[in-house]
Amino acid sequence: LAQAPPLEFVLLRLAGSLVLIAPVLLAARQPLLPYRGERSMLFWVGELQVAGFLIASIIGLSILPAGRAIVLGYTMPLWAIPIGIFIWPEPHSRAQLVGAAIGFVGLVLFMNPGLVDWGDPRILAGNALLLLAAIFWAAGSCLYRRWRFRSPFWVQTFWQLAVSAVPVAALVAAVSPGPVHWSPFLAAVVAYNAVVTTAFGYFLWGKVLSMMPAAMAGQVLTVTPVGGFLLSLLIFGGTLTVDVAVSIALIAAGIFVTLRR
């Protein structure tokens with residue numbers, strides 16, 4: 001983010017993924033578009049869990065420290081249970097509900113005034129955007145679970161990324177951010193994000209959602225904020241206070257209770 005404006009970075013990773021996937025699909029004689037009847041629903045799934053998540057999270061990450069941003073952005077499974085119940089009721093065990101409740105307690109603690117400057121509108125906006133990113137992700141994932149798609153997973157992935165690139169490009173054009181300062185480091189970061197976390201990541205996520213509810217799948221992903229927070233302390237420095245440690249422990253405990261079966 002020191003070398004590329006946030007929205008331009010998102011556009012670069014999406015464009016890189018599309019440039020990577022399209023030739024592979026064409027070489028394999030696969031269509032670039034999902035089957036008729038599936039495009040509209042996959043459009044909304046992509047706008048929520050790809051465009052909505054990436055836009056809100058990258059702006060939030062440009063405001064808040066990386067460790068905090070990771071924890072807030074990956075509260076997705078906590079939101080997936082209530083959203084999933086509203087969109088498409090799936091059976092939830094008592095353990096899942098108890099685990100979600102524990103996780104929410106950890107989230108509330110993570111938002112306490114000792115950790116968040118409630119008098120700074122910019123900091124509040126950063127926290128709100130990261131929570132909104134998690135909600136977008138959960139809503140898109142739950143929406144995906146509501147339908148049974150027949151299109152190949154790589155076709156689904158390409159379509160979601162393609163439709164997501166449109167609002168990101170529109171925002172970049174409207175905001176007119178500063179220039180991208182290219183370097184070998186930035187090129188490596190963009191390539192990693194385009195190949196691993198975007199193209200391959202969303203492909204695997206679609207596979208997983210075809211097998212289990214979004215809330216359960218998302219619980220596994222919440223090992224990311226714990227590891228990410230510790231990596232953030234290691235790379236960028238900072239202090240691991242008691243309230244931060246307790247809030248992360250509660251979020252991790254919620255995951256364990258949900259998945260212990």
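The values are calculated or read from the model by the stated rules, or taken from the named source; none is laboratory data. What you see is a predicted model; the values in this text were computed from it and never measured. When we count neighbours, we look across all protein chains shown, and the Cβ atoms used for this are built from the backbone with ideal geometry, even at glycine. Heads up: the accessible areas ignore ligands, DNA and RNA and are worked out on the full protein's heavy atoms, side chains in. Shrake-Rupley method; radii C 1.70, N 1.55, O 1.52, S 1.80 Å.
Some observations on this one:
- Verdict on residue 155 being part of a helix (DSSP H, G or I) and open to solvent by 40 Å² or more (accessible area, probe 1.4 Å): no
- Here residue 45 clears all of (1) among the β-branched types (Val, Ile, Thr); (2) within 17 Å of residue 130 (Cα to Cα); (3) open to solvent by less than 20 Å² (accessible area, probe 1.4 Å) except the condition numbered (2).
- Test: residue in region 132-149 that is open to solvent by 40 Å² or more (accessible area, probe 1.4 Å) and outside any helix (DSSP H, G or I): yes
- Verdict on residue 173 being assigned to a helix (DSSP H, G or I) and under 16 Å from residue 60 (Cβ atoms): no
- All of (1) open to solvent by 30 Å² or more (accessible area, probe 1.4 Å); (2) more than 18 Å from the chain's Cα centre (by Cα) hold for residue 204 with one exception: (2).
- Filtered residue count, region 167-192, keeping only those that are of a type in the set (Val, Ile, Thr) and surrounded by fewer than 14 Cβ atoms within 10 Å (Cβ to Cβ): 1
- Residues of region 23-38 satisfying the condition of being open to solvent by less than 80 Å² (accessible area, probe 1.4 Å) and out of contact with any helix residue (DSSP H, G or I) (no Cβ under 7 Å at 6 or more places or on another chain): 23, 28, 37, 38
- Residue in region 5-15 that is at pLDDT 90 or above and not in a helix (DSSP H, G or I) present: yes
- Among (1) within 20 Å of residue 17 (Cβ to Cβ); (2) of a type in the set (Phe, Trp, Tyr); (3) more than 16 Å from the chain's Cα centre (by Cα), the one test that residue 147 misses: (1)
- Residue in region 208-217 that is out of contact with any Pro (no Cβ under 7 Å at 6 or more places or on another chain), without any contact (Cβ under 8 Å) to a residue 24 or more places away in the chain, within 25 Å of residue 258 (Cβ to Cβ) and in a helix (DSSP H, G or I) present: yes
- Scanning region 57-66 finds one or more residues that are touching a helix residue (DSSP H, G or I) at 6+ places or on another chain (Cβ under 9 Å), open to solvent by less than 40 Å² (accessible area, probe 1.4 Å) and at pLDDT below 85.
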